[in-house]
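Undergrad: One structure, as structure tokens, below. Some questions next.
Every read-out reported here was derived from the displayed coordinates using simple, explicitly stated rules and does not represent laboratory data. Just so you know, these numbers come straight off a predicted model, no measurement behind them. As a convention, Cβ positions derive from the backbone with ideal geometry for all residues, glycine included, and neighbour counts pool all protein chains shown.
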Amino acid sequence: MSRIVAGPFNRVEGDLEITLQTASGKVQSAEVNSPLYRGFERILLGHKPMDALVYTPRICGICSVTQSVASARALADVMNLSMPVNGELCTNLVLANENITDLLTHFYLFFMPDFARDTYADKPWFNDIHSRFKATSGSAAAQMLPARADFLHLMGIMAGKWPHTLSLQPGGVAKAIEPKERMRLLAIVAGFKRFLENTLFGDSLATISQLQSEAELWQWCDEKDWQQSDFRRFLQVARVQELSTLGRGTDHFLSFGAYGLQGQTLWASGSYCQGDNKPLAISQIAEDHSHSWMTNTGSPHPPAQGITQPSLDNEAGYSWCKAPRLANQVVEVGPLARQVVDGHPLIRDLVARSGGNVLSRIVARLLEMALVVQQMELWIKQIDPKAPFCHHGEMPGEARGVGLVEAARGSLGHWLEVKNGKISNYQIIAPTSWNFSPRDNQEQPGALEQAVVGAPVAEGEKTPVSVQHIVRSFDPCMACTVH
Amino acid sequence: MLNLLWLQSGGCGGCSMSLLNAESPDVLTLFENAGINLLWHPSLSEATGDECITMLEDILNGQLRLDILCIEGSMMTGPMGTGKFHIMGGTGKPMTTWVKELADIARYTVAVGSCAAYGGITAAGANDTDATGLQFDGEVAGGLLGKEFTSQSGDQVVNIAGCPVHPDWVTETLMSIALGEHNDEQLDKFGRPRMYADHLVHHGCSRNEFYEYKASAVDMGDRGCMMENMGCKGTQAHADCNTRPWNGQGSCTNGGYPCINCTAPEFEEPGHSFCQTPKVAGIPVGLPTDMPKAWFVALAQLSKAATPERLKKNAISEQLIYPPTIHKRKG
């Protein structure tokens, strides 16, 4: 058995270190460390509740809007406030703009460049992938960055800027959309849709959304030359490299449900394991500190009673991240979890055949882009510039609230307690807290720690490329993880 | 070509995300044409783990020249001065140690964002982590590197403050360094590049007509001026956000919410709720920059007395309810 300490990991958000035990050319076990602690849960204490809207987006520069939405929902829960329809539509659009931007950034800048590494120089697909996805110099980044910037013009109009907006409020949005802006929003989304159809998919978004099974996916892939689009390029690499056999997780998935409108959500909430779809049970969420650099509280506790006290004295600790569990189980969150919980036939089929793995995680991400961008056009059309955008309410002196949302990388929750008109407790469980958690008091490794077991390690590899593919297939956000 | 290294510590990564929003041209094209060679950036580069550590060691042992060191995020000096709140992944060494060693040999050191410049949001509240900036701890010169620190060029740390930074603030500052035009005279007293910090957010604010007549917003989302009630610091905040918009045509005030002065040291603890204006005897405490108080009060009263009905009504509405009157030349 030999030990590898791999880090710093880049092309993830924030800093990351993984310690691997390897033998017989394979990873035997792993410990994942989130090496940065900032302490937002303590920073927030004693501040006025509404000021959380300034602090919480700054937990993360890549999931900033999702942090705002979770915070606004926790505040709305405390204030017992609902949103007008325009508020819901605009929140969905701003959230979708960030989520889709993140999925795009992940695919082009974070994930694909690993296949342009020299280690793959002898592969039949290498020359094309290298010229397309080589980090900083590939042709794809040069095409994708302007498309990304144009798409984020939606943020300029609806949220002032990205990241870090204050337009997302408990009772709606602070920015009312004028008739001319509504037209502009449609134009922006149309431009981005064209990029996705021409460059990423090489087909219409409707066709991609309607793929029903893994067989249909490969059939679609083979209808054209694999160099015809970036999705086909990925599928070609995935097929040759057998990415469906890499990074199998727990196959237990969680989603808080996404994009609410008038009492309905676009995607359902719940958990999914081996064909068993269960309703969301928030009360079964608890956080464990046994292997975190936190004061060990003994037993796991629900976030509403959560405590954050950093301590390097915990000898079993190896990460600043706590270990969230659902009914004591390790779960995976993210686009794959969202789509499997909601029941998209392509994703259900992929998971039924080979579970959560590098292939299925990336396919789910790209599928979401196709699904959501079509939805964005419908939401913009539904905005009524003459109707209200924001409700206002009073902040009670004492109350508790919860705000749940789906970020690009999965389920995010804020648990807020107000006493004497100030924040008396604020607990956050971020998507990568779930995926990259350390072990718990049952010694159960977290989702990533399980997913890298069995990954091949070539002789002399110090930062195994297989582990890099698996890590990045989760699109980790370490800034959010510890917060 | 100038070699640029970019490291992140106690921040959110949002300044890097904002940098990727650069337009006309994109950031990669811009660096290439400015003669900037990206040695390593956390979001963009291929090198991971051992490849990255080898590169850092090559810089420290003089085999690889470091022209520009960009640091994003606060310096986490705690607990008890150990820097252990951020041990750089794979290295076993606190990020604060890496930064000190690298800043010692870099030709220029640049703090990207208010966290790296002054401590920023990460230093808010009780600041358990002893987060500080590179050469400032809030408004006080010092920080991790100390008041007397100069880079190999002889210049102090450049503080591209903002939460986040506008991509152009970063690219234009780096271009000026690459052109050899940078020196301490280009910076204001908080170390910010004067190219953007010699402006006020108020300049070009689309709510200026409401400001002129003191037609004020009351609730979040109202169209009126946000200075009187909503905590807006646009008249005091040093930045060009309303003359150089964000993400196309955005800005905080265009997005419906007040300026929180995020380019200033200690903006993270304003001493009042961010979106409520502190007042004494009904008069806002923070007056517009360079405005004599008596004059401001007198003018405000005068303009309030003269506020047109159109502005009064529109100021407290989400929608435009009273469009400007059309004057016909005939009839």
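Undergrad: What number of residues in the stretch A:5-27 are of a type outside the set (D, E, K, R) and not in a strand (DSSP E or B)? Spell out how you get there, then give the answer.
TA: Of the residues in the stretch A:5-27, the ones of a type outside the set (D, E, K, R) are A:5-10, A:12, A:14, A:16, A:18-25, A:27.
Remaining after also requiring not in a strand (DSSP E or B): A:7-10, A:12, A:14, A:16, A:24-25.
Number satisfying all stated conditions: 9.
Undergrad: Just to confirm my filter: which strands (runs of 3 or more DSSP E) fall fully inside the stretch A:214-291 and include at least 1 residues that are farther than 25 Å from A:A70 by Cβ and without any contact (Cβ under 8 Å) to a residue 12 or more places away in the chain? Break it down stepwise before answering.
TA: Working: elements: A:252-255, A:258-261, A:264-267, A:270-273, A:276-278, A:285-288.
Those strands (runs of 3 or more DSSP E) span A:276-278.
Undergrad: Can you work out which of the residues in the stretch A:199-213 that are within 27 Å of A:A142 (Cβ to Cβ) and in contact (Cβ under 8 Å) with a residue 24 or more places away in the chain is surrounded by the fewest Cβ atoms within 10 Å (Cβ to Cβ)?
TA: Of all residues in the stretch A:199-213, those within 27 Å of A:A142 (Cβ to Cβ) come to A:199-205, A:207-208.
Next, from what is left, pick out any that are in contact (Cβ under 8 Å) with a residue 24 or more places away in the chain: A:199-203, A:205, A:208.
Values: A:T199: 16, A:L200: 26, A:F201: 21, A:G202: 21, A:D203: 20, A:L205: 20, A:I208: 24.
Per the criteria, the residue is A:T199.
Undergrad: With the condition kept exactly as written, say whether any residue in the stretch A:14-35 is surrounded by fewer than 22 Cβ atoms within 10 Å (Cβ to Cβ), acidic (D, E) and over 19 Å from B:G256 (Cα atoms). It would help to see each step written out before you state the result.
TA: Our first condition is that a residue be surrounded by fewer than 22 Cβ atoms within 10 Å (Cβ to Cβ); within the stretch A:14-35, this holds for A:19, A:21-26, A:28-29, A:31.
Those still in the list that are acidic (D, E) too: A:31.
From what is left, the residues that are over 19 Å from B:G256 (Cα atoms) are A:31.
Yes: the stretch A:14-35 contains one or more residues that are surrounded by fewer than 22 Cβ atoms within 10 Å (Cβ to Cβ), acidic (D, E) and over 19 Å from B:G256 (Cα atoms).
Undergrad: Considering only the stretch A:349-398, state which residues are surrounded by 20 or more Cβ atoms within 10 Å (Cβ to Cβ) and of a type in the set (K, R).
TA: A:R361, A:R365, listed by residue number.
Undergrad: Report yes if some residue within the stretch B:210-230 is under 21 Å from B:M291 (Cβ atoms), away from every other protein chain (no Cβ under 14 Å), surrounded by fewer than 18 Cβ atoms within 10 Å (Cβ to Cβ) and of a type outside the set (S, T, Y); otherwise report no.
TA: Taking the stretch B:210-230 and keeping what is under 21 Å from B:M291 (Cβ atoms), we get B:210-217, B:224-230.
Okay, now just the ones that are also away from every other protein chain (no Cβ under 14 Å), so B:210-216, B:225, B:227-228.
This time we only want the ones that are surrounded by fewer than 18 Cβ atoms within 10 Å (Cβ to Cβ), so: B:212.
Going one step further and asking which of them are of a type outside the set (S, T, Y), we end up with B:212.
Scanning the stretch B:210-230 turns up at least one residue that is under 21 Å from B:M291 (Cβ atoms), away from every other protein chain (no Cβ under 14 Å), surrounded by fewer than 18 Cβ atoms within 10 Å (Cβ to Cβ) and of a type outside the set (S, T, Y).
Undergrad: When you go through (1) within 21 Å of the chain's Cα centre (by Cα); (2) part of a helix (DSSP H, G or I); (3) facing chain B (nearest Cβ under 10 Å) one by one for A:F111, which number turns out not to apply?
TA: Result: A:F111 fails condition (3) only.
Undergrad: Same structure again: Could you check, for the stretch A:440-458, whether at least one of its residues is in contact (Cβ under 8 Å) with a residue 40 or more places away in the chain, surrounded by fewer than 22 Cβ atoms within 10 Å (Cβ to Cβ) and either within 19 Å of A:N80 (Cα to Cα) or over 28 Å from the mean Cα position of the chain (by Cα) (or both)?
TA: Checked against the condition, which is being in contact (Cβ under 8 Å) with a residue 40 or more places away in the chain, surrounded by fewer than 22 Cβ atoms within 10 Å (Cβ to Cβ) and either within 19 Å of A:N80 (Cα to Cα) or over 28 Å from the mean Cα position of the chain (by Cα) (or both), the stretch A:440-458 yields at least one hit.
Undergrad: Identify all residues within the stretch A:6-60 that are of a type in the set (D, E) and either in contact with a Cys (Cβ under 7 Å, 6 or more places away or on another chain) or farther than 15 Å from B:H86 by Cβ (or both); write none if there are none.
TA: Residues of the stretch A:6-60 of a type in the set (D, E): A:13, A:15, A:17, A:31, A:41, A:51.
Scanning the stretch A:6-60 gives A:E13, A:E31, A:E41, A:D51.
Undergrad: Taking the options B:L102, B:L56, B:L30, name whichever one is in contact with a Ser or Thr (Cβ under 9 Å, 6 or more places away or on another chain), touching a residue at least 24 places away in the same chain (Cβ under 8 Å) and surrounded by fewer than 19 Cβ atoms within 10 Å (Cβ to Cβ). Outline the logic, then answer.
TA: Values: B:L56 fails: surrounded by fewer than 19 Cβ atoms within 10 Å (Cβ to Cβ); B:L30 fails: surrounded by fewer than 19 Cβ atoms within 10 Å (Cβ to Cβ).
When all the criteria are applied, what remains is B:L102.
Undergrad: Given the conditions (1) more than 11 Å from chain B (Cβ to nearest Cβ); (2) under 24 Å from the mean Cα position of the chain (by Cα); (3) not aromatic (F, W, Y), which single one is not true for A:A159?
TA: It is condition (1) that A:A159 fails.
Undergrad: So which residues in the stretch A:292-343 are closer than 28 Å to A:T265 by Cα, surrounded by fewer than 19 Cβ atoms within 10 Å (Cβ to Cβ) and hydrophobic (A, V, I, L, M, F, W, C), if there are any at all?
TA: The answer is A:A304, A:A327.
Undergrad: What's the number of the only condition in (1) buried (at least 23 other Cβ atoms within 10 Å of the Cβ); (2) within 16 Å of A:R11 (Cα to Cα) that A:R117 fails to meet?
TA: The failed condition is (1).
Listed here are the residues, each with its yes/no results for (1) part of a helix (DSSP H, G or I); (2) within 10 Å of another protein chain (Cβ to nearest Cβ); (3) of a type in the set (G, A, S).
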residue: A:I62; (1), (2), (3): no, yes, no
residue: A:V65; (1), (2), (3): yes, no, no
residue: A:T91; (1), (2), (3): yes, no, no
residue: A:P124; (1), (2), (3): no, no, no
residue: A:N127; (1), (2), (3): yes, no, no
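Undergrad: Separate question: Based on this model, can you work out whether B:D128 counts as away from chain A (no Cβ under 14 Å), closer than 25 Å to A:I59 by Cβ, without any contact (Cβ under 8 Å) to a residue 60 or more places away in the chain and acidic (D, E)?
TA: Details: away from chain A (no Cβ under 14 Å): no; closer than 25 Å to A:I59 by Cβ: yes; without any contact (Cβ under 8 Å) to a residue 60 or more places away in the chain: yes; acidic (D, E): yes.
When the stated conditions are applied, B:D128 does not pass them.
Undergrad: Next question. Any residue at all in the stretch A:25-42 that's under 30 Å from A:Q444 (Cα atoms), over 22 Å from the mean Cα position of the chain (by Cα) and within 7 Å of chain B (Cβ to nearest Cβ)?
TA: Within the stretch A:25-42 (the criterion being under 30 Å from A:Q444 (Cα atoms), over 22 Å from the mean Cα position of the chain (by Cα) and within 7 Å of chain B (Cβ to nearest Cβ)), the answer is yes, since at least one residue qualifies.
So that you can scan it fast, the table gives a plain yes or no per residue for (1) within 12 Å of another protein chain (Cβ to nearest Cβ); (2) closer than 28 Å to A:T119 by Cβ; (3) not in a helix (DSSP H, G or I):
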site: B:N3; (1), (2), (3): no, yes, yes
site: B:E32; (1), (2), (3): yes, yes, no
site: B:S45; (1), (2), (3): yes, yes, yes
site: B:I53; (1), (2), (3): yes, yes, no
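Undergrad: Does the stretch A:459-481 hold any residues that are of a type outside the set (D, E, K, R), more than 14 Å from chain B (Cβ to nearest Cβ) and either surrounded by fewer than 22 Cβ atoms within 10 Å (Cβ to Cβ) or in a loop (DSSP other than H, G, I, E, B) (or both), and which are they?
TA: Matches in the stretch A:459-481: A:F474 only.
Undergrad: Now, a different point. Residues that are within 13 Å of chain A (Cβ to nearest Cβ), farther than 22 Å from B:I177 by Cα and not hydroxyl-bearing (S, T, Y): does the stretch B:95-109 have at least one?
TA: Yes.
Undergrad: Any residue in the stretch B:62-79 that is without any contact (Cβ under 8 Å) to a residue 60 or more places away in the chain sitting within a Cβ distance under 8 Å of a residue that is polar (S, T, N, Q)? List the pairs, counting only those 6 or more apart or interchain.
TA: Sorted first by the residue in the stretch B:62-79, then by its partner, the pairs are B:G78/B:T129; B:P79/B:T129.
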